[in-house]
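For reference, the structure discussed in these notes is given below.
The values are calculated or read from the model by the stated rules, or taken from the named source; none is laboratory data. All of these numbers come straight from a predicted model, not from anything done at the bench. Because the Cβ atoms are built from the backbone with ideal geometry, glycine has one as well, and the counts that use them run over all protein chains shown.
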Amino acid sequence: RKEVEQDPGPFNVPEGATVAFNCTYSNSASQSFFWYRQDCRKEPKLLMSVYSSGNEDGRFTAQLNRASQYISLLIRDSKLSDSATYLCVVLRGNNDMRFGAGTRLTVKP
Amino acid sequence: EAQVTQNPRYLITVTGKKLTVTCSQNMNHEYMSWYRQDPGLGLRQIYYSMNVEVTDKGDVPEGYKVSRKEKRNFPLILESPSPNQTSLYFCASRRNSGANVLTFGAGSRLTVL
């Protein structure tokens, strides 16, 4: 079993839709959590960190459930420019950063 | 501009021909790391370095070497490349303290024939 698991998708949604991605992690010692965005053939870039109380950045909302070892990302009012692969990232200790394989999103006109 | 620079961006080589992928960062980051990305497997760590002259193996170090003689540079060396090392490689850096946010280079696509 992978340490960080994501639904690979692809998710195909119309513009304006709300879409949610889920991620589960297996190591309960994980301390920090992130969502990265990766455009096709480009490098991953930080989208947002995920805080225990949940956090929002514009149309994006991230939530963490430590008891269930589950992280989510909600995108409201999807734009064409949101089309990308979304990577769930979990950090244990000072170095042990684990990446999910990513969930691919395509937003269509 | 704060960045991580990798070279070459694209390389096609043959089995056994030694190659080096360079990585340089201008942000004075202590931590640097190399990853490979393969379809369905996500990013897997090859080697990392917490600071100058300190390097450690990641999850998939076999067939690779690294060095960290200067803070800004962290080259990845393939002494005898094999076809199973065909992949997309990313170098990344961050500070050792604080938000633990990685900055990635643009990637190096390597094909070993």
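Please find, within region A:9-45, the residue that is farthest from the other protein chains (Cβ to nearest Cβ) out of those that are in contact (Cβ under 8 Å) with a residue 60 or more places away in the chain, over 16 Å from A:Arg98 (Cβ atoms) and in a loop (DSSP other than H, G, I, E, B).
Going through the qualifying residues, I end up with A:Gly16.
Return a yes/no flag: does region A:21-29 have any residue that is surrounded by 17 or more Cβ atoms within 10 Å (Cβ to Cβ), at pLDDT below 95, under 25 Å from B:Asp56 (Cβ atoms) and small (Gly, Ala, Ser).
No, every residue in region A:21-29 fails to be surrounded by 17 or more Cβ atoms within 10 Å (Cβ to Cβ), at pLDDT below 95, under 25 Å from B:Asp56 (Cβ atoms) and small (Gly, Ala, Ser).
Take residues that are within 17 Å of B:Val101 (Cβ to Cβ) and free of Cβ contacts under 8 Å to residues at least 24 places away in the same chain and tell me which of the strands (runs of 3 or more DSSP E) falling wholly in region A:47-102 contain 2 or more.
By residue number, A:55-57, A:96-99.
Would you pick out the residues in region B:14-32 that are of a type in the set (S, T, N, Q) and either at pLDDT below 95 or farther than 10 Å from B:Phe74 by Cβ (or both)?
B:Thr15, B:Thr20, B:Asn26, B:Asn28
Search region B:92-113 for residues being within 7 Å of chain A (Cβ to nearest Cβ) and within 12 Å of the chain's Cα centre (by Cα), and hand back the single one that is farthest from B:Gly58 (Cα to Cα).
Looking at the filtered set, the residue picked out is B:Ala106.
Collect the residues in region B:17-51 that are within 9 Å of another protein chain (Cβ to nearest Cβ) and not polar (S, T, N, Q), keeping them in residue-number order.
Hits for region B:17-51 are B:Tyr31, B:Tyr35, B:Pro39, B:Gly40, B:Leu41, B:Gly42, B:Leu43, B:Arg44, B:Tyr48, B:Met50.
So, in region B:78-100, how many residues would count as being assigned to a loop (DSSP other than H, G, I, E, B) and either within 20 Å of A:Lys45 (Cβ to Cβ) or touching a residue at least 12 places away in the same chain (Cβ under 8 Å) (or both)?
Result for region B:78-100: 10.
Can you pull out the residues in region B:68-91 that are away from chain A (no Cβ under 11 Å) and touching a Lys or Arg at 6+ places or on another chain (Cβ under 6 Å)?
B:Phe74, B:Ile77, B:Glu79, B:Ser87
Could you count how many residues in region B:91-113 are within 18 Å of B:Arg36 (Cβ to Cβ) and surrounded by 14 or more Cβ atoms within 10 Å (Cβ to Cβ)?
The number of residues fulfilling the criteria is 14.
On the basis of being buried (at least 18 other Cβ atoms within 10 Å of the Cβ) and either away from chain A (no Cβ under 14 Å) or more than 20 Å from A:Gln38 (Cβ to Cβ) (or both), does B:Pro61 make the cut?
no
Does at least one position in region B:68-88 carry a residue that is out of contact with any Pro (no Cβ under 6 Å at 6 or more places or on another chain), closer than 24 Å to A:Val50 by Cβ and not basic (Lys, Arg)?
Taking every residue of region B:68-88 in turn, none turns out to be out of contact with any Pro (no Cβ under 6 Å at 6 or more places or on another chain), closer than 24 Å to A:Val50 by Cβ and not basic (Lys, Arg).
Go through A:Phe21, A:Phe60, A:Phe11 for me and flag whichever is within 30 Å of B:Thr5 (Cβ to Cβ) and under 14 Å from the mean Cα position of the chain (by Cα).
Residue meeting the stated conditions: A:Phe60.
Would it be correct to say that B:Pro39 is under 17 Å from A:Leu87 (Cβ atoms) and free of Cβ contacts under 8 Å to residues at least 60 places away in the same chain?
Judged against the criteria, B:Pro39 is a match.
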